[in-house]
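> Let me begin by handing over the structure; questions about it come next.
The values are calculated or read from the model by the stated rules, or taken from the named source; none is laboratory data. Here the structure is a predicted model, which is why all the values come from computation and not from measurement. Please note: Cβ atoms are built from the backbone with ideal geometry, for glycine as well, and neighbour counts cover all protein chains shown. SASA here: full protein model, heavy atoms, side chains in, ligands and nucleic acids out. Shrake-Rupley method; radii C 1.70, N 1.55, O 1.52, S 1.80 Å.
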Amino acid sequence: MATELVTTGRRAPIRRAGSKNRKTAGDWVVLAVAIIIGFFIAVPFLMILINSFKSPEDYNMSGPLALPTEIYTDGLVAFWERVNFPEKLWNSIYISGLVAVFAVLISMFNAFALGIGRIKGRTWIVVLILLANMLPQEVLLYPLYFMFKQIGLYDNQWAVIIIFTVIQSAFGTYLLASVYGTFPKELLEAASLDGASRWRILWTVVFPISRPTLSVLLIFFFIWTWNEFLIPLTFLISNATQTVPVAITVLQGDRLMDVTTTSASALLGLIPTLIFFLIFQRTLTRGITAGAVK
């Protein structure tokens, strides 16, 4: 190599250490747009946070954008006591947690049959599942109301759990069926040659590899179910079974609340999902990264 350089008389190109890390104009534009979008997303949360600790008199004098002159917590305490917030918090965690777990399991079983089992009519089944997932919830209300009335599950949390498990698993099946359709056949054939059954292949081969994707679905299903309002409002009419979003809206309609108490209720309803997201943020990032690498 040295002889070749001497005979040709050319110098090898010298690359600067930071050349790969230089940002182009397009990178700066994307960064600026992301900052602007993040700002508009953060503004409502900041307004809720500011007004939650502001007294009604302070709000009327300074408006919603000014910082509170003193920390006012009566709004948080009033909402906490009016709706029995610990009970509503447990209801939301209970419903959202069970829906997330059940929906992920059903999605994995369905996708294993459709994507790896290669059953007949796979494409049409996936299309039907996708179309069913696109139906608006308003269309489902009366048939579901009539059905759960007949079986005695109306005003029961299991009615909401069953409904959202089916809805979320429809989306999960559609997503995972596409992922499992590209699963390496060599691994499946090697496991079959070793004498592994379908059940063992699912839990020892498919499940560990697809765990990042399943973790992402679990997080999304929990947050989506937590924020649902229409179906819980229709099927959970007693105070003891209501979730946090339903309790906030029902209290606002039943009793007149000031703006600061309303902001406090929104803050209390937002904090649990924010904590859940922060706890599983690394899991979500790893899952998305693993899917992108694949």
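> Being at pLDDT 75 or above and open to solvent by 70 Å² or more (accessible area, probe 1.4 Å) is the filter here, so list the residues in the range 233-258 that pass it.
Once the filter is applied, which keeps residues that are at pLDDT 75 or above and open to solvent by 70 Å² or more (accessible area, probe 1.4 Å), the range 233-258 yields Ile237, Asn239.
> Ok, one more. Would you mind stating whether Val166 is at pLDDT 90 or above and part of a helix (DSSP H, G or I)?
In short, yes.
> Any chance the range 52-73 includes a residue that's within 26 Å of Trp224 (Cβ to Cβ) and in contact (Cβ under 8 Å) with a residue 40 or more places away in the chain?
yes
> Do you know which of the residues in the range 51-102 that are among the β-branched types (Val, Ile, Thr) and over 15 Å from Gln242 (Cβ atoms) is surrounded by the fewest Cβ atoms within 10 Å (Cβ to Cβ)?
Checked the range 51-102; the qualifying residue surrounded by the fewest Cβ atoms within 10 Å (Cβ to Cβ) is Ile71.
> Moving on. Kindly provide the set of residues from the range 124-163 that are assigned to a helix (DSSP H, G or I) and within 22 Å of Leu89 (Cα to Cα), ordered by number.
Gln157, Trp158, Ala159, Val160, Ile161, Ile162, Ile163
> Let me ask something else. May I ask you to list pairs of residues, at least six apart or on different chains, whose Cβ atoms are under 7 Å apart, with the first in the range 179-199 being surrounded by 14 or more Cβ atoms within 10 Å (Cβ to Cβ) and the second being outside any helix (DSSP H, G or I)?
Taking only residues 6 or more apart or on different chains, the pairs are Val179/Ser210.
> Moving on. Looking at the structure I just gave you, is Leu128 at pLDDT below 90 and more than 22 Å from the chain's Cα centre (by Cα)?
Yes, satisfied.
> So the check is Cβ under 9 Å with 6+ separation or different chains; which pairs have a first residue in the range 28-50 that's closer than 30 Å to Tyr72 by Cα and a second one that's assigned to a helix (DSSP H, G or I) and hydroxyl-bearing (Ser, Thr, Tyr)?
Partner pairs satisfying both residue conditions: Met47/Ser263; Ile48/Ser263; Leu49/Ser263; Ile50/Ser263.
> Can Tyr174 be described as in contact (Cβ under 8 Å) with a residue 24 or more places away in the chain, open to solvent by 70 Å² or more (accessible area, probe 1.4 Å), part of a helix (DSSP H, G or I) and of a type in the set (Ser, Thr, Tyr)?
When the stated conditions are applied, Tyr174 passes them.
> OK, next. Being closer than 18 Å to Ile209 by Cβ and either modelled with pLDDT of 90 or more or surrounded by fewer than 10 Cβ atoms within 10 Å (Cβ to Cβ) (or both) is true for just one of Met147, Met108. Which residue is that?
Unique residue meeting the criteria: Met108.
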